[in-house]
Each structure stands twice: as structure tokens, then as C-alpha cells.
1. Compute the accessible area per residue over the chain, keeping the other protein chains in place, probe 1.4 Å, unit Å².
2. When only C-alpha pairs under 8 Å and at least 6 residues apart count, what is the relative contact order of segment 203-307, in percent?
3. Around Leu327, what is the net charge, scoring Lys/Arg as +1 and Asp/Glu as -1 over all other residues with Cβ under 14 Å from its Cβ?
4. For segment 160-167, what does the Karplus curve 6.51 cos²θ - 1.76 cosθ + 1.60, with θ = phi - 60°, yield as ³J(HN,Hα) per residue in whole Hz, taken in order and with x for Gly and Pro?
5. How long is segment 98-155 along each principal axis, judged by its Cα atoms, biggest number first, in Å?
6. May I ask for the percentage of alpha-carbon pairs in segment 48-153 that lie more than 25 Å from each other?
7. With point charges of +1 on the Cβ of Lys and Arg and -1 on the Cβ of Asp and Glu, referenced to the Cα centre of the chain, which listed residue (Thr333, Leu92, Val226) lies farthest in the positive direction of the dipole?
8. Calculate the length of the line joining the C-alpha centroid of segment 314-370 to that of segment 125-203, in whole Å.
Amino acid sequence: MISDRASDRENDLCDLREHVPRDSRGYFRRLTFACAIATALPLFSARFLPITDLPEHTAAISSLRHWLDPAWHVQSTYTLALGKTEYLLYHLVGALLAVPLVDAELASRVLLALVAIAFPYSARALLRARGGDERLAILACTAFWSRPLRIGFLPYVASVPCVLFALALVVRQLDAPTRRRAIMLVFASIAIFYVHVSGFVLFALVSLTLIALHGDAPLTMRRMFVEIPTRALWLAPALLVAMLWALHGDGPTAAGVAQIWYMPARDRLHEFPLWANDIWSSHLDDVCGVITWCAIGFIAIASQPAPNETRRQRLAAWSPFLATLVLYIALPTQIGAAASVNERLALFFPLFLLLVLRPRAGSAARFPLALAAFSVFASAAVATREVRGASRDEMGDFDS
């Protein structure tokens, strides 16, 4: 069964390689790189970035960077509580970058730039693992400049490519299990938790859904309570870490019973496009969002079903999107100090939608893919304009 599934996936990838000419594959790889760089460049376009919580995360990175430096007296002011924060890995990576870069602010920008570049490449990894069309990865760039980034949910934004890379590992592990990949999944799932707990919750739910839908066996009691937990055993260490953090960490319920508030259902539908596309005070970002969704719509129209795809395989392709939708509906909007708990998930909808799109060969897919690339460069240009304008108008000559 395992060898047959792995062989089917390899056949899908071979069909995809034949579907896209060799010269076009090279062209789209270069285009993916150009889109990734264009997405990251606005982060370096101004002295000050209009990202709300950026100073808080930069301060944490700087404190860790200078923890052992007696001239900074950090230890006399702060207590090192690594087990209480869910942002541990994000801040530690930033602190490591701050060592060669010297400046913690520059380290924060470089870290965010690496996250921006990882968006299309993580999407491409997942598309490859699922046997999808890797050209669609350029559309993942447009998800970076979003409201979670603007507000400053930086560890959450960083968790997005981590989730996509790890899900690609999950798919490959299901098709051809290896001990090495299982060990990698243990560390990957723990790493996602220590980047952001919301990304970890989504990753765990999608992984369990993919495991449940894998293969052709019916969902019997034995499969649900024996086979699926056995295949997901690599997730157990991360779940243990999450449980310990929930009991002893600095979570939203650390001070006791937290206030929980659910947004009305009609407002959730209204908030989705705002969190996915509405970033700046101007309407240029809205135009870019419309172009992006038009590109996705045209690609959907020009798509064709995968040959020999079963109903369960189609459901598995849709499962990440549907799991995100379930969490978006089921999770509250606020849990204590944690705000926009469900709204931030809007970032994943367009990314998981790429998994069900299969553009046709020839000219039918050229226009929507060109439109997708245009939306990426347009979004980057708008972000540059807005970042520079905010730095000039709101901050002025702040240093003096």
C-alpha cells in the first residue's frame, strides 16, 4: 500500500513535469525568486516600519542578544523565563542574527525578510509534496503583506511558512514513511509551537486530518483509535510541550479564567477579506487584493481535475482549507489578552486554496499566472509606497 501510494505520487509529479515545459519550469523558478525578493524589499525601504508590535519583539531580541553582556545590565532588570513564552524560537533566531548584524533592529528586518522569502518556497514545497503545480507558489507572496503583519503578530506570520514546510514533510511521510523523516517531524512540530501556538494548533489539526484521509481504508474504530494515533506519534512530544506551557506558561489563561468573546457569524464573513487584504489606509491594497483573487479565480476556471483522482484524494486536497475554515468558525475572537484569535487564520485560506488548483497546459494558464505575478509586484510597490509615506509623515525626523 505504501509503495503504491508513493509510486502514484511520483507519477503525478512526472505528469506535472511533462505538463510544464522544461524552459517554462526554469522561467517560473526565476520568477518565484524575483517575487520573493520583491516581497521582502519594502522592509528596507524606510528608517521606521509601521508595524505596531515590532518594537516589542525587537526589544526582546536585543535583550537576549545582550544577556551575557555586563555593560547592558540586562540580568539586573529582567528574568529569563524561556519556558513561559510561545515566541521563544522567533526571538532566539532574531538574537542569533543580531550577533553578526550587531543591530537588533536590523536583525528584526532581516528575520522578517527571511520569513517573506520563505512564503513562496514553503508553498512550493507543499505543492510538490501534494503533486500540485509549483508555479502557483508565486501567489503565496501576496499573503505576506497582511493585517497580522501590520499589527505586529510577527511570530504568527513567521509560523506560516513553518507550517507549510512541515505539512510537506507530513505528506511525504504518509507516502513513504522513514525514521529520519519522523524525527524531523518531531523537531518541526516542537519548533512550530515555539514560533506561535496558533500556527501549531492549525498544523496539528491539518496533520491529523491528512493522516485520517490517507489511503483507501474505511474509518473504522480501530483505524481512528489505533492506526491514526500510531501514525501521528511524532506529534506527541510537541503536544506534551504545549500541555506544559498551558499549565505553567504565560498563556492567555495564566492569570486565571480568561474572558472569552465570540464574534457574530455575520461579522466573521465580513472580516475575512479585511484580514487577508486590507492593510493600508489607502485603497491601493484593496485593488491588489482584487487582482490577486481574480488571478486565483481565473486559474480555477482554467483548472482541470487530476487524472485518476479518487473522491478521498480530492477531499484530502481540500482538507487543509476546510480545517482552517472549521477553526475560523469554532475559535473565539478573544481569549483573555489574546485578541483576533480566529481572524488571523484568514492568512492561510489563499495559501491552502492553491492545493486544489491545477492549471491547464498552454495559453489557458498564462494569463492568470501573469496576473498573479503582476499582483505580487504591485503589492510590493504599494507596500514600499505606504511604508515610506508612514515613516515620513508619522515619524518625521524622530532621531533628532
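1. Counting only protein heavy atoms, the per-residue value for the chain is 48 Å².
2. 12
3. Here the count lands on +1.
4. Computed from phi, the couplings for segment 160-167 are 4, x, 4, 5, 5, 4, 5, 5 Hz.
5. Result, largest extent first: 42, 27, 15 Å.
6. So the portion of pairs separated by more than 25 Å is 33 percent.
7. Going by the Cα projections, it comes out as Val226.
8. 13
The values are calculated or read from the model by the stated rules, or taken from the named source; none is laboratory data. Just so you know, these numbers come straight off a predicted model, no measurement behind them. Don't worry about glycine lacking a Cβ; one is built from the backbone with ideal geometry, like all the others, and counts go over all protein chains shown. Areas reflect the complete protein model, heavy atoms only, side chains present, ligands, DNA and RNA absent. Shrake-Rupley method; radii C 1.70, N 1.55, O 1.52, S 1.80 Å.
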